[in-house]
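Asker: Submitted below is the structure of interest, expressed as structure tokens.
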Amino acid sequence: MATAPLISWHARQHLHGEKTQDWYWAVGIITLALAVVCVILGSIITGILIVVAVSALILHVSKPAEPVECAVNDRGIVIDRVLYPFLTLESFWVPHDDLLPRIIVKSHRTFTPLIVIYIEEVDPEAVRQILLKYIAETEHHEPLLKHLIDMMGF
């Protein structure tokens with residue numbers, strides 16, 4: 001049974017920056033260099049895997065991020081029709097920095113321990129006040145790997 005959202009907004013799945021031709025050349029050269037090193041070291045399958053993985057990643061980041069519908073209801077947080085129940089969420093944090101407003105949610109799930117949800121169209125403080133009624137607020141930071149990937153333009 002669906003419940004009415006207490007607050008909802010549309011947000012990007014990830015940050016998207018336009019890529020220049022130089023960026024594509026740099027990623028291609030680095031990828032081929034890694035693949036050649038793998039082949040020289042006798043790990044042909046790893047070299048092929050690197051080329052396929054980076055090719056898929058390039059295809060993914062070349063398209064602008066589609067907006068997803070985000071909402072908070074009395075059962076949990078809904079992101080693009082996927083419910084993250086409050087029972088599976090440990091805590092949240094709304095960082096106050098110069099980046100886009102976002103919520104960092106710590107989950108009990110193994111494969112998605114931190115969920116980053118960008119906040120657009122609504123006041124982050126309003127989202128924070130609603131979440132405080134259901135889960136604890138604890139300071140969280142995005143992983144270093146996410147910052148590196150954002151910095152490299154992925």
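The values are calculated or read from the model by the stated rules, or taken from the named source; none is laboratory data. Owing to the predicted nature of the structure, the values given are computational and were not obtained by experimental measurement. Don't worry about glycine lacking a Cβ; one is built from the backbone with ideal geometry, like all the others, and counts go over all protein chains shown.
Asker: So, in segment 65-79, exactly how many residues are at pLDDT 85 or above and either touching a His at 6+ places or on another chain (Cβ under 8 Å) or surrounded by fewer than 13 Cβ atoms within 10 Å (Cβ to Cβ) (or both)? Lay out the reasoning, then the answer.
Answerer: Initially, segment 65-79 is screened for residues at pLDDT 85 or above, giving 67-79.
Applying the additional criterion that residues be either touching a His at 6+ places or on another chain (Cβ under 8 Å) or surrounded by fewer than 13 Cβ atoms within 10 Å (Cβ to Cβ) (or both) yields 67-70, 74.
Within segment 65-79, residues that are at pLDDT 85 or above and either touching a His at 6+ places or on another chain (Cβ under 8 Å) or surrounded by fewer than 13 Cβ atoms within 10 Å (Cβ to Cβ) (or both) number 5.
Asker: Residue by residue through segment 135-146, note down the ones that are farther than 14 Å from Ile103 by Cα and loosely packed, with under 12 Cβ neighbours inside 10 Å.
Answerer: Of everything in segment 135-146, those that are farther than 14 Å from Ile103 by Cα and loosely packed, with under 12 Cβ neighbours inside 10 Å turn out to be Leu144, Leu145.
Asker: A further question follows. For Gly17, state whether it is exposed (fewer than 14 other Cβ atoms within 10 Å of the Cβ) and either over 29 Å from Arg102 (Cα atoms) or touching a helix residue (DSSP H, G or I) at 6+ places or on another chain (Cβ under 6 Å) (or both).
Answerer: In short, no.
Asker: Go through segment 83-107 and give me each residue that's out of contact with any strand residue (DSSP E or B) (no Cβ under 6 Å at 6 or more places or on another chain) and at pLDDT below 90.
Answerer: Correct list: Pro95, His96, Asp97, Asp98, Leu99, Pro101.
Asker: Quick check on segment 92-137: of everything there that is among the polar types (S, T, N, Q) and within 20 Å of Pro5 (Cβ to Cβ), which residue is nearest to the chain's Cα centre (by Cα)?
Answerer: The qualifying residue nearest to the chain's Cα centre (by Cα) is Ser107.
Asker: Could you say whether any residue in segment 61-71 is touching an Asp or Glu at 6+ places or on another chain (Cβ under 7 Å) and among the small types (Gly, Ala, Ser)?
Answerer: no
Asker: Follow-up question, since we're still on this one. Looking only at segment 1-20, count how many residues are in a loop (DSSP other than H, G, I, E, B), more than 14 Å from the chain's Cα centre (by Cα) and not hydroxyl-bearing (Ser, Thr, Tyr).
Answerer: Of the residues in that region, 8 qualify.
Asker: crowded, with 16+ Cβ neighbours inside 10 Å, in contact with a helix residue (DSSP H, G or I) (Cβ under 8 Å, 6 or more places away or on another chain), outside the structural domain of Glu120 (by TED's automatic domain parsing) and hydrophobic (A, V, I, L, M, F, W, C), is that true of Val36? Spell out the reasoning first.
Answerer: On the way: crowded, with 16+ Cβ neighbours inside 10 Å: no; in contact with a helix residue (DSSP H, G or I) (Cβ under 8 Å, 6 or more places away or on another chain): yes; outside the structural domain of Glu120 (by TED's automatic domain parsing): yes; hydrophobic (A, V, I, L, M, F, W, C): yes.
When the stated conditions are applied, Val36 does not pass them.
Asker: When you scan segment 73-96, do you find a residue that is in contact (Cβ under 8 Å) with a residue 12 or more places away in the chain and over 26 Å from Glu120 (Cβ atoms), even just one?
Answerer: No; the residues of segment 73-96 include none that is in contact (Cβ under 8 Å) with a residue 12 or more places away in the chain and over 26 Å from Glu120 (Cβ atoms).
Asker: Oh, and also: Would you list the strands (runs of 3 or more DSSP E) that sit entirely within segment 59-154 and hold 2 or more residues that are of a type in the set (Lys, Arg)?
Answerer: Those strands (runs of 3 or more DSSP E) span 102-107.
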